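Visitor: Before we start, here is the structure in question, set down as structure tokens.
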Amino acid sequence: AQGGTIVRRRRKCLECGHKFTTYEAIEQTPLYVIKKDNRRELFQREKLLGGIITACKKRPVSMESIEKLVHTIEMDIHAGFHVEVPSWKIGEWVINGLKQLDDVAYVRFASVYRQFKDAKEFMDELEKLKEEHNSDMLK
């Protein structure tokens with residue numbers, strides 16, 4: 001059930017014969033995100049999802065694609081980190097994922113995440129993106 005995260009079992013009481021259902025889930029240790037200022041806060045899937053939705057606002061990106069990206073990032077986090085994950089690592093996964101989904105969403109997220117200080121930094125990022133597209137077209 002729930003995408004393979006919960007096991008549903010039908011059981012029967014050996015005493016009275018009453019049938020009932022149990023649900024079993026893996027108990028995961030809490031995962032903490034280490035922020036830039038070394039604060040630690042509990043990982044929140046909703047916060048990750050919200051940031052990606054904001055970057056994709058008014059763009060032709062389906063909710064299904066966004067959910068897949070969030071799921072992939074979550075799996076990467078759980079595969080590589082057991083107790084703590086640096087926030088910069090999550091940010092890089094988001095940036096890489098958005099680059100594949102939508103260029104505008106990517107630039108929106110990158111401008112906030114990388115804290116562009118002026119228009120030149122913004123334009124430099126756009127130029128890199130343009131060069132990547134040109135090299136992809138030549139392949």
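Visitor: Would it be correct to say that Leu31 is open to solvent by less than 90 Å² (accessible area, probe 1.4 Å), in contact with an Asp or Glu (Cβ under 8 Å, 6 or more places away or on another chain), of a type in the set (A, V, I, L, M) and closer than 30 Å to Lys130 by Cα?
Guide: no
Visitor: What are the residue pairs meeting all of these: first residue in region 26-54, first residue more than 17 Å from Ala105 (Cβ to Cβ), second residue open to solvent by 100 Å² or more (accessible area, probe 1.4 Å), Cβ atoms under 8 Å, and 6 or more apart or on different chains?
Guide: Thr29/His82; Leu31/His82; Tyr32/Arg40; Val33/Arg40; Ile34/Arg40; Lys36/Trp88
Visitor: Hey, another quick one. In region 91-106, what count of residues is obtained for those that are open to solvent by 70 Å² or more (accessible area, probe 1.4 Å) and touching a residue at least 12 places away in the same chain (Cβ under 8 Å)?
Guide: 0
Visitor: Among the β-branched types (Val, Ile, Thr) and over 25 Å from Asp37 (Cα atoms): is that true of Val70 in this structure?
Guide: Taking the combined requirement at face value, the residue does not satisfy it.
Visitor: Let me ask something else. Go over the candidates Gly51, Gly3 one by one and state the one that is at pLDDT below 90, in a helix (DSSP H, G or I) and closer than 30 Å to Val112 by Cβ.
Guide: Within the list Gly51, Gly3, the selection yields Gly3.
Visitor: Of all residues in region 55-75, count the ones that are closer than 27 Å to Ile26 by Cα and either within 11 Å of the chain's Cα centre (by Cα) or open to solvent by less than 70 Å² (accessible area, probe 1.4 Å) (or both).
Guide: 11
Visitor: Here is a further query. So which of Phe109, Phe116 is surrounded by 15 or more Cβ atoms within 10 Å (Cβ to Cβ) and either at pLDDT below 80 or in contact with a Cys (Cβ under 6 Å, 6 or more places away or on another chain) (or both)?
Guide: It is Phe116.
Visitor: Could you tell me which numbered condition Ala110 fails, if it satisfies all but one of (1) small (Gly, Ala, Ser); (2) within 25 Å of Thr5 (Cβ to Cβ); (3) without any contact (Cβ under 8 Å) to a residue 24 or more places away in the chain?
Guide: That leaves (2) as the condition not met.
Visitor: So in region 119-139, with the set limited to residues that are open to solvent by 100 Å² or more (accessible area, probe 1.4 Å) and either at pLDDT 75 or above or in a helix (DSSP H, G or I) (or both), which one is farthest from Tyr106 (Cα to Cα)?
Guide: Leu138
Visitor: Also, quick follow-up: Would you point out which residue out of Ile52, Ile26 is open to solvent by less than 70 Å² (accessible area, probe 1.4 Å) and among the aliphatic types (A, V, I, L, M)?
Guide: Only one candidate qualifies: Ile52.
Visitor: Within region 76-90, is even one residue outside any helix (DSSP H, G or I), touching an Asp or Glu at 6+ places or on another chain (Cβ under 7 Å) and open to solvent by less than 70 Å² (accessible area, probe 1.4 Å)?
Guide: Taking every residue of region 76-90 in turn, none turns out to be outside any helix (DSSP H, G or I), touching an Asp or Glu at 6+ places or on another chain (Cβ under 7 Å) and open to solvent by less than 70 Å² (accessible area, probe 1.4 Å).
Visitor: Okay, next question. Quick check on Cys13: is it over 25 Å from Glu121 (Cβ atoms) and at pLDDT 90 or above?
Guide: yes
The values are calculated or read from the model by the stated rules, or taken from the named source; none is laboratory data. Predicted, not measured: the structure shown is a model, and the values here were computed from it. All Cβ positions, even for glycine, are placed from backbone atoms using ideal geometry, and neighbour counts span all protein chains on display. Surface accessibility is based on the protein's heavy atoms, side chains included, excluding ligands, DNA and RNA. Shrake-Rupley method; radii C 1.70, N 1.55, O 1.52, S 1.80 Å.
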